[in-house]
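Data first, discussion second: the structure below is written as structure tokens.
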Amino acid sequence: MFTNDTVVLVGAGASAEFGLPTGDGIYTAAASEDESFYCESDQKADFFLSTFWEFLRFHNWFDEQDQFRALNRHLQEDAAYSIDLYAFRNPSRASIAKLFTAWMLTKSVFEAVDITGFGDDRYRGLKRRYTWRKPNISDRDGNRKNWLACLCNNFLEGASGIDDLAQNRLSIVTFNYDRVIEESFEYFVRNSELFSETPVEYLPEVIHVHGAVAPIEEKNLNGAYIKEQAQTLKFISDSQQDPGTEVLKAADRLANANRIYLVGFACEPLNMSLLKSGQWAPRAIGLNYDGDTGITNNMRISGLKEANIVMGSNSEKLPLGLAASRGLFKQKPKP
């Protein structure tokens, strides 16, 4: 990554390993919300983490309640498989879909904790989780390496000091709204004494194609923040109408890269077209962690070569953390 222009193209599946929602997860959650549910707690933290209905009621947002009621009912009869694709097909509902997305994404990185320190659940506040800062991730599938920790180690290989990092040629293009990648690299790189003073500009470039939520601390978390973040998010339709500098920058980095890795990314044709995949897909390696035939087909259509698709299966999945620990980011694309 110091001698070759390298790009890692990241989709929501790469953040799912840290408990963050995917596009289809957000879609499903919005469709399954129950308006009749009421949170019995009187704590702000519990309202925020409960349901979107409770979040809207807590802020007395009546217009948004009506909009979400219509969205919720329509989603139950719709055939789209992600909130992004749904908004592409139903532009009049994109605004409330973005508000739900911003709420769910922010909610997923917080947990309610006792703020007294004495185990008193009557006084609960919000505390930020940092799952992505752990070198190993534990979930129902067991304990495995954090893929970002693996990538960070690959990034640091060959560097004997901070000055060496200035010449890095790694860019990360992400469709995700979270800032897990930036936070992880800053944390893992600076956690070593040798690199503790590494400036931000020496770390990998991270390009958010569809925008990203701003860093937030629990003390500043409120409804106004969620609304503000919702307005910064883009869906496919937004980027198609106005690609913007980030889309153009991402397409340029991919077109000029020697090595490209697609991880946690379903290769949805609209997104691949947005990034002009015809110019670079034959040089890309793509991970299909459970052998999903739809994703494999998308990869082929986009131009990935069969030999460069790293495949898991439904019976023997290949999560990104496991693939990374086995050297995914050291593989060269096969001709």
Exercise. Are any residues in the range 283-335 closer than 22 Å to Gly19 by Cβ and touching a residue at least 40 places away in the same chain (Cβ under 8 Å), and if so, which ones?
Worked result: Leu287, Tyr289, Lys317, Pro319, Leu320, Gly321, Leu322, Ala323, Ala324, Ser325, Leu328
Problem set entry | Scan of the range 74-106 for residues that are under 14 Å from the mean Cα position of the chain (by Cα), over 17 Å from Leu270 (Cβ atoms) and open to solvent by 10 Å² or more (accessible area, probe 1.4 Å), ordered by number | Met104, Leu105
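Among Glu228, Glu205, which is the only one that is among the charged types (D, E, K, R) and under 27 Å from Leu49 (Cα atoms)? Walk me through it before giving the result.
Working: Glu205 fails: under 27 Å from Leu49 (Cα atoms).
Going through Glu228, Glu205 in turn, just one is among the charged types (D, E, K, R) and under 27 Å from Leu49 (Cα atoms): Glu228.
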Problem set entry | Among (1) closer than 30 Å to Tyr289 by Cβ; (2) in contact with a helix residue (DSSP H, G or I) (Cβ under 6 Å, 6 or more places away or on another chain); (3) not hydroxyl-bearing (Ser, Thr, Tyr) - the single one Gly11 does not satisfy | (2)
For this session: Residue by residue through the range 15-73, note down the ones that are at pLDDT below 90, aromatic (Phe, Trp, Tyr) and crowded, with 20+ Cβ neighbours inside 10 Å.
Result: Phe48
Exercise. Name the pairs whose Cβ atoms lie under 9 Å apart, with the first residue in the range 46-61 and on the phi < 0 side of the Ramachandran plot, the second among the basic types (Lys, Arg) and not in a helix (DSSP H, G or I), and 6 or more positions between them or separate chains?
Worked result: Asp46/Arg124
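Can you pull out the residues in the range 13-27 that are among the charged types (D, E, K, R) and under 18 Å from Ala80 (Cα atoms)?
Restricting attention to the range 13-27, the residues satisfying the condition of being among the charged types (D, E, K, R) are 17, 24.
Matches in the range 13-27: Asp24 only.
So which strands (runs of 3 or more DSSP E) stay within the range 113-176 end to end and still have 2 or more residues that are modelled with pLDDT under 90?
Numbers: elements: 124-128, 136-139, 142-145, 170-174.
So the answer is 124-128, 136-139, 142-145.
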For this session: Having 3 or more residues that are closer than 30 Å to Asn154 by Cα is the bar; report the helices (runs of 4 or more DSSP H) wholly within the range 1-105 that clear it.
Result: 13-16
Seminar exercise, completed: Screening Glu193, Glu217 for residues that are under 20 Å from Gly125 (Cβ atoms), among the acidic types (Asp, Glu), open to solvent by 80 Å² or more (accessible area, probe 1.4 Å) and out of contact with any helix residue (DSSP H, G or I) (no Cβ under 7 Å at 6 or more places or on another chain) leaves only Glu217
Seminar exercise, completed: Exactly one of Ser239, Ser273, Ser315 is within 29 Å of Lys134 (Cα to Cα), polar (S, T, N, Q) and at pLDDT below 95, and that residue is Ser315
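The values are calculated or read from the model by the stated rules, or taken from the named source; none is laboratory data. Source: prediction; values computed, not measured. Here the Cβ is made from the backbone with ideal geometry for all residues, glycine too, and neighbour counts use every protein chain on show. Ligands, DNA and RNA are stripped out before the accessible areas are found, and what is left, the full protein with its side chains, is counted by its heavy atoms. Shrake-Rupley method; radii C 1.70, N 1.55, O 1.52, S 1.80 Å.
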